Structure formats: C-alpha cells, structure tokens
1. Read through the list (1) among the β-branched types (Val, Ile, Thr); (2) away from ligand 4 (no atom under 16 Å from the Cβ); (3) within 14 Å of chain B (Cβ to nearest Cβ), then give the number of the only condition that A:Ile80 fails.
2. Looking at A:His120, A:His127, which is the one that is away from every other protein chain (no Cβ under 14 Å), more than 16 Å from ligand 2 (Cβ to nearest atom), surrounded by 15 or more Cβ atoms within 10 Å (Cβ to Cβ) and without any contact (Cβ under 8 Å) to a residue 12 or more places away in the chain?
3. Kindly indicate whether any position in region A:220-230 is out of contact with any Pro (no Cβ under 7 Å at 6 or more places or on another chain) and among the charged types (D, E, K, R).
4. Among (1) within 14 Å of another protein chain (Cβ to nearest Cβ); (2) within 21 Å of A:Arg110 (Cβ to Cβ), which single condition is A:His75 missing?
5. Which residue pairs have Cβ atoms under 6 Å apart, sit 6 or more places apart or on different chains, and have a first residue in region B:63-76 that is more than 16 Å from ligand 2 (Cβ to nearest atom) and a second that is at pLDDT below 90 and not in a loop (DSSP other than H, G, I, E, B)?
6. Among the numbered conditions (1) away from every other protein chain (no Cβ under 12 Å); (2) part of a helix (DSSP H, G or I), tell me where B:Gly33 comes up short.
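The values are calculated or read from the model by the stated rules, or taken from the named source; none is laboratory data. Every value quoted in this text rests on a predicted model; they were computed, and no experiment measured them. No Cβ is skipped: glycine too gets one built from the backbone with ideal geometry, and neighbour counts run over all protein chains shown.
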Amino acid sequence: MRQRLVVIGNGMAGARTVEEILARGGDFAITMFGDEPYGNYNRIMLSNVLAGVEDESGIFLNDLSWYADNGITLHTGTRIERIDRFARMVYATDGTATPYDKLIIATGSRAFVPPIPGLHRPGRGYHQGVFAFRTLDDTRAMIRYAKEHERAVVIGGGLLGLEAARGLQNHLPHVTLIHAAGHLMNAQLNEVAGETLRATIERKLGIEVVVSAQTTEILGKHAVTGVRLADGRVIGCDVVVVAAGIRANAEMAAASGLVVERGIVVDDQMRAQDEDDIYAVGECAQHRGETYGLVAPLWDQAKVLADHLTGVNPFAEYHGSQVATKLKVAGVDVASMGLKEPERDDDESLTFTEPGKGVYKNVIIRDGRLVGATMVGDVKKVAFLMQAFDRGLALPEERAELMFDLGGPAGEVKVEDMPDDEQVCNCNGVSKGAICSTVQSGCKTVSGVMDKTRAGKGCGTCKPIVQRIVEWAAGGEVEEDPAASYYVPGIPMPKPELMNAIRLHDLRSVSSVFATLGGEEDAKSKMGLASLLKMMWGGDYVDERDARFINDRVHANIQRDGTFSVVPQMKGGVTTPAQLRRIAEVAEKHEVPMVKLTGGQRIDLLGIPKEKLPEVWADLDMPSGYAYGKSFRTVKTCVGSDFCRFGVGDSTALGIALEERYQGIEGPGKMKLAVTGCPRNCAEAYVKDLGVVAIDGGKWEIYVGGAAGAHIRKGDLLTTVDSADEVMVLTGRFLQYYRENANWLERTYAFVPRIGIDRVREIVVDDKDGIAAGLDAAMEASVAAYRDPWKDRDQPATPGQFRTSLPLTVLPQVPVRA
Amino acid sequence: MRAIGTVDEIPPGEGRTFAVDGQMIAVFRLRDGSLRATQAVCPHKGGPLADGQIDRKQVLCPLHLNAWDLTTGCSLSGQPDLAVYPVHADDNKIILGDA
Ligand SMILES: Cc1cc2nc3c(=O)[nH]c(=O)nc-3n(C[C@H](O)[C@H](O)[C@H](O)COP(=O)(O)OP(=O)(O)OC[C@H]3O[C@@H](n4cnc5c(N)ncnc54)[C@H](O)[C@@H]3O)c2cc1C
Ligand code: SF4
Ligand code: SF4
Ligand code: FES
C-alpha cells in the first residue's frame, strides 16, 4: 500500500514541499489540511494586493485543480487541533480523524500581537478597526475597512509594517507608522541606514514615522479612535494595523507532545526532535536555534525534506540559510546581509551616504572578506556583494568598487561569470544552474522557464536577470513563447495563421472556429474571435450573440452595479440646443441618476437598468456613441480655425467627417482619435490612437500609437499631408492595417512600436507592399456594413436580450447627484 | 423539483436570471444543450453572472472577468466559490432540483 503522507498547513512551505516531493516522483497518498479557505497563495504578494498593484486572482500558486490533478486530498478551512503520535492520527476541529505514515507540519506563523490594552474586545477578537496583516482574509478586511476611513496607525516598523503603511496609503489619506525601536527595520539595518530609510519614506511617500515610541493603549469605545503612546501623546486614527513581529504556530505541536522552543525543534533532516515520522518545515520550524521569517530558507528546507522523504537522497541535510535579503520595502530598495555594524577593532567599514537622494551604502570587511553589507536606495551592486558574501570571494583592491561601478558599463554581474549554484530568484530559490538546465532540457522561452522553475514568480525583481540567463543559456536561440503570440488563448495560432485558416475553411461563426480549429469552446476567446470574424466577413459574419461580451449584446457599458451607461453619438464633440434639450428630457423622464460629460466630449447617462435601454434609446432617437465596445470610439476636436484665434485648420469639420465615416468600426482594441487645429494641441491629439494636428500652410500631421490612459505615450508621426481628404484615406488605411494585424486587446500604443513606425509608414503611406488598395477596400466594406445598433430596440435580437440579470437589491446603487 | 421557466427563454450559450422564492438564480444554457444553475450574484463584487460569457466549463463574470466552474461552482481565480443548483430540461421546461 502507498504510504500515507499528511501535511498540516497549506501555505508556502507546505505546498512547496509537496511540489518538491511530486517533482521527485514521490509515491504517497497525500492529504493536506489548511485552515484558510483557499488553495495555496503567494503570501508575499499580499503587500501588492494591499497596495492595489496586484489583483487577488494573480497571487494563487496552486489552485484547487492542481490538488485534484495531482491526486492530493485537500481539506481547506480545516484546522488540526491535535496529533496523536502513538496512534499516528491527526484530529481536526470538525471531529474527523486522519491516519498518517509520515506527517509534515507546516503551520507557519501568525502575527504577534503585543498585550496592549484596548486591542481586543472581550469575547469578540480584535477591537473594531484593529487588523493583523498575515492572510488574504486579513488583507481583504483591512482594505474594506480602510476605504471607508481616514487615518491609520501601523504599529511596527519592520518589513511588514512598512509594507502595510505603504499599502494603506492606497486606501486612505493619512498613515502614521509607530515603531518601538530607535530606527526602522532595526533587525536588518543599522541606525544610519534606518534613518535614511525613514527620511525617504517620510519625504517621498508622506508616511509619518514615529520612532522610539511605545504604544500603551488603543482608544475608542465602539471602534478605534486613536492610540496613546508612553509619553502621553495621543495619535488620532480609525484604523490600527499591528505588525509587531511574528510567532511560530507551534502550540498545537507542543500540546501534542513535540519539543517546541520558539518553533518546533527539528534536526538537519527537518525531523521533529525524538520523532521518526514527524517533520516540520517553514516558519514554524526551529533549526539549529534559528527560526526564519522569509521565504528563501523555506525553499532550501523543502528540497532537503523532499530529497529525504522520497529516498532520492535519504541523507540530505539542511545546514541553515545565510540570510541575505534584497527587498523592495514600501517602494524603496533595501538590501542587507551579515553584520549591520563592525564588531572588531580591525573590521574595515566603508560608508557612503547621499541623504538628498536617500542613498546609504555600507560594507564591512574582515580579513579581506565581506562580512556585512547594507544598501538603501541604490542596490545596483547587490548581486556582486551577495556572491562575495556567500562564497567569501577575494575583494577588489579598489574598495570603492564594492559600492560603485567605476568605469565600464557593467552595473550588473555578467551572466557568464556567475557560478552555477548562485541563487538568482531569491523568492523561489532558483539558481542559475537550474535555469540553464531547464533551457537545456528544451524549454527555450522565458515564460516557459519561469513557469517551470518559478524563477521570477515571487516579487518579480529578478525577472530581467532571469531573462538574460535564459538568453545566454539558449545561445541566441531563445524562442518566443508561442502562447504569447496566439491571437486568443483558446486557439493555438497567431493572428495571420488564424485568419488564413478561417478563410481556408470558410468559418463564419465563432462556434465553427472552435469546432474546426480549437477543439474546445473557450469563454475567454469568444469576444476576440467575434471581433475578428466581424472584421473579416462584414455582413456575411454569422453573429452568435453568446460570443459577444455583455456590452456588445446590449450596446451599452455595464457599470459596477449591473446597470448600464448610455452615450449618444456627438460627432467631434459638437452638439446643438435641440440635442441637449432632448437629452435633458430623457434624463428627467427616466430619472437618470447621473448625467456626466465624458473625457471624449460626450454626454453620458449613467445608471440605466438593462430593461430600460430600448426605451431610453427610442426616446433619445440618436445613434449610439459606441462608448462600450472594442471599437472606434470618438474623435475629440478643438474648435479650430472657425473660432480660435490660433487655429490654422478646421479641426472640428475634419473630426466630424472622420467620426461619420468610421463610427462603430470594431477592432482588436479601442480606437480613440482626435483632431486639433494647431500644435497647441487642445484636443490632445498627440496622445491618441490616431491624432491629427493642423499645421501652418494648410497641412496636417498624422500621429499614431499615442495613449493617455493607464499607459502614456506620445504618438509617432506617421506622415504630413496636404489635405483633409488624404487624412481621411490614411486614417482608414492605418486603422484597417491595425485591425488586421494587431493581437486581441493590443492597443495601438503597443502595436505601433511592435511593428515599428518606419515599417508602418512603408505600408500605410508608401505602399511598399502593394496592399494599400486592399486595405482601403476592406475598410470601405466595413464602413458600408455599418448599422446603428441602437436600432435593435424594437425587435430584440434574442429572447430576453434586455431582461434584467439583477437586482437583488433595489436599483440604482450609484449615488444620485443633484 | 419545480419548473422555473422555459428553455427557449435562454438563447444558446447565454444565461438568464430567474427569481425563485425571492432568490435570484442564474441559469445557463450551454451550447451542447445542457443547463447549469448558479447563484445569480457574483461573490466578488456583486456582478450579474447571467450577463457573463460561458463555455462548456466556466462562466466569466462580466465585471472583472473572474471565472467559476459552472458544474461545481469552484472558483478558478481565487474567489469564493459559487452556490450551484441541480437543474435539467424537461422538454422545454427548466426544472430546478434533483432529477
Ligand atoms: C504581507 C507579507 C509580506 C511578506 N513579504 C515577504 C517578502 O517580501 N519576502 C520574503 O521572503 N518573505 C515575505 N513574507 C514572509 C513569507 O510570506 C513567509 O515566510 C512564508 O509565507 C512562510 O511560509 P509557511 O508555509 O511557513 O507559512 P504560511 O505561508 O503562513 O502557511 C502556513 C499555513 O498553515 C495554516 N495553519 C496554521 N495552523 C494550522 C492548523 N493547526 N491546521 C491547519 N492549518 C494550519 C495557516 O493558516 C497557513 O495557511 C511576507 C509575509 C507577509 C504576511
Ligand atoms: S489646438 Fe490650436 S486651434 Fe485648437 S483650440 Fe487649441 S489653440 Fe485653438
Ligand atoms: S479611471 Fe476609468 S476605469 Fe478607473 S474608475 Fe475612472 S472611469 Fe473607471
Ligand atoms: S463582480 Fe464578478 S468578478 Fe468582480
């Protein structure tokens, strides 16, 4: 019978150990218990989730299907309360008992909460407004609460406290950090380095830092209102986050009779003291007197334990980890290793400070070897220093080279000079050798290597070096990741190939594409395929409504509460009193909760329930403004030469003409245009997908590939033409070229640099490839096939097209503004 | 077991919401003809799941494109799971409850 392996704790160490065991072909019947209700996620990334730079869904390392696929029985939300070492059973709080042959304890740690009066409510856990920062649930709760409040105090100025403080700034305006020690990150940094960090954080981020401050009381009756410090000061706040350190989750092990000090005591094979079949890994383990609070050591432990348990190397031993850290703390680069301060009289210590820039560097040398280094604000040399520290390399005669790049372009270690066992990814413990052997085994894409080895999948700072190693190891044979070039994820073909196949097989509907080319229907690919087929076949496209995104099914933009926004066409941003009156009447009649001007010079009616859309359109009786699709959106214009004293071209007329012609044309992404009457650029034409600028002498400049959304880019000058007619033609030709060649959701700001503006010009302006006439004809066909979707209103396209999908609650939920 | 509506109220490949005893249930008609039923409101931020896009396995919420397995209700993107309900078609009737 297969041996039964039970793992308590489904966090980073537990799941990683199981992965390592599977990778070694370990043959166990595996059962895992985790008291969080999820699969394993990257706890490090909670900082990013709090800071709003990472979506929750992006942090999962093993989703539930991973457990199923590997035959692992996972009990989420299940806490183990006792181990019976003699009967070899674990008991969960839900009353179940599970037998084991081998047991791994990976219960991690929890936030240490100092005994400050007022932190807890008797019988109710934390006081209202008090949070720890350890789990996804903590993070969610903190975000939810912080959003509705104003001032936060973070207790603790270590790594976690700093990350919490930075993240909270994303949700509320005032953050104060209170730290008991004399300087920040006192476990890793000396006083001057900590002080440099403090100055940067206060100045750049606007977080107020109070050091040498003991918190003595949390104030507030029903909810937190402030904290009191030992010197009597009171800092008002409505959120308190406790990040005062961590404690190993070892009570359950201790109560079950295992030897526990600060963690579960283990030997060099991660075996619990005096036990034959019980092991511990991760933050809950204490090895040679050390407990660790960072992930890198856990990976080493997981490997040793897997080697040992699977018999790949029964004598594998863990000897502890050198903790050299390179972190981005609250947006500031910090690295530290070894000593923080010289210890002996003859230790050499070199320090460089540039307080204005928030830079501090210090290295400590003993007998010609590096024994400590600290860098704040500039960590360019850290790769070299880590190497020197780990291996005791001889140091350069010119000591300053340890801190600066003197001459030469270097700045980064040369890939070929790195030893094979050097750790590249410090989050996931991946060495240069591991990356190289993955490449040698045939995986020659950067993303493929990252998936296989997990290098670069932690905090992400090592991605550039991973890329360089892959390139170097592949000897110039790096392959593009094929999936990265697919037009949509569900059909394994780049766009040109896909278009050929569609033509070859005469595929006119999305379902026929799946049936013929893809195998399985894929929800994530439907919208992209619908757009492509519509572009290719125009009126002959077989429209399956389920392939459309909801916005395109009902021709309006879905809002956060499930209502829709309705934007009538307003060509070039020009309107009339009659149109305004009509809009006003409709807004009144339907009690539209919010009427708002959009960035594209139109009027937006927000908060319209789905079932009311046809009626609203009928009452408006105006064409759709397409504010919802991956399509041609608007042409923003300035008043131009008719009224403006600077104007040198009639930007308004040209803008209206462009919008009239290209309205509603679908594409791989949105197309936002602008025409401006002189280079003063009042209509922001330099930052549009296509922008037209009138210049003196009756000429027009055409810019393409600009953007001013989440991504900002000035467009590239495509060409300068002499007439508005030429602008019309080249606009259509460029847009068609983009429609045919861009990947799904690839905006022009990515597309134009990918192709290169010179190449775009060759094709669109100079017609080097002889396809201009074809592009023009294809665009003409699309223009001719245009039909205002709001005419759909009388005859619903499908049963219940406008039937409400919500609400449970009474609509509208958006605030009504007077 | 009870009939809550007719199959032809739902176009193939789409979903519609039905009110059942004051509860809202999203019923999806897969392109292979079979039906699936889940809670109507997205557990993430309350999006209308029946307005989402589906294939034979999953539904994507229209608001932030999180994905759930239509049959088990399990989240495929790290969200809480969905409640799912047994549902089948009897002729043109949508029958909620075990067969
Ligand atoms: C916000 C944040 C940011 C961080 N940033 C970094 C960083 O930048 N770099 C770095 O190196 N490290 C960082 N860390 C530390 C890193 O996340 C931890 O070192 C790592 O997660 C420890 O892994 P583990 O498996 O030992 O513990 P965990 O990941 O905590 O996993 C333990 C799991 O066991 C469960 N459990 C506990 N007791 C029981 C029980 N009795 N029964 C069932 N289940 C149980 C817990 O709920 C938990 O899910 C950060 C931590 C946090 C919280
Ligand atoms: S861009 Fe030039 S023409 Fe247009 S409004 Fe501004 S100044 Fe006048
Ligand atoms: S910037 Fe755009 S996406 Fe963000 S909240 Fe405003 S309207 Fe919504
Ligand atoms: S509301 Fe459904 S994914 Fe966000």
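1. For A:Ile80, the failing item is (3).
2. Residue meeting the stated conditions: A:His120.
3. yes
4. Here A:His75 clears every test but (1).
5. B:Trp68/B:Ser75; B:Cys74/A:Leu64
6. So the condition that B:Gly33 fails would be (2).
So that you can scan it fast, the table gives a plain yes or no per residue for (1) within 16 Å of ligand 1 (Cβ to nearest atom); (2) of a type in the set (Val, Ile, Thr); (3) modelled with pLDDT of 95 or more; (4) buried (at least 24 other Cβ atoms within 10 Å of the Cβ):
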position: A:Met622; (1), (2), (3), (4): no, no, no, no
position: A:Tyr628; (1), (2), (3), (4): no, no, no, no
position: A:Arg645; (1), (2), (3), (4): no, no, no, no
position: A:Ile656; (1), (2), (3), (4): no, yes, yes, no
position: A:Arg680; (1), (2), (3), (4): no, no, no, no
position: A:Gly691; (1), (2), (3), (4): no, no, yes, yes
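Yes/no matrix, rows are residues, columns are (1) hydrophobic (A, V, I, L, M, F, W, C); (2) away from ligand 4 (no atom under 12 Å from the Cβ):
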| position | (1), (2) |
| --- | --- |
| B:Gln39 | no, no |
| B:Cys42 | yes, no |
| B:Gly47 | no, no |
| B:Ala50 | yes, no |
| B:Lys57 | no, yes |
| B:Val87 | yes, yes |
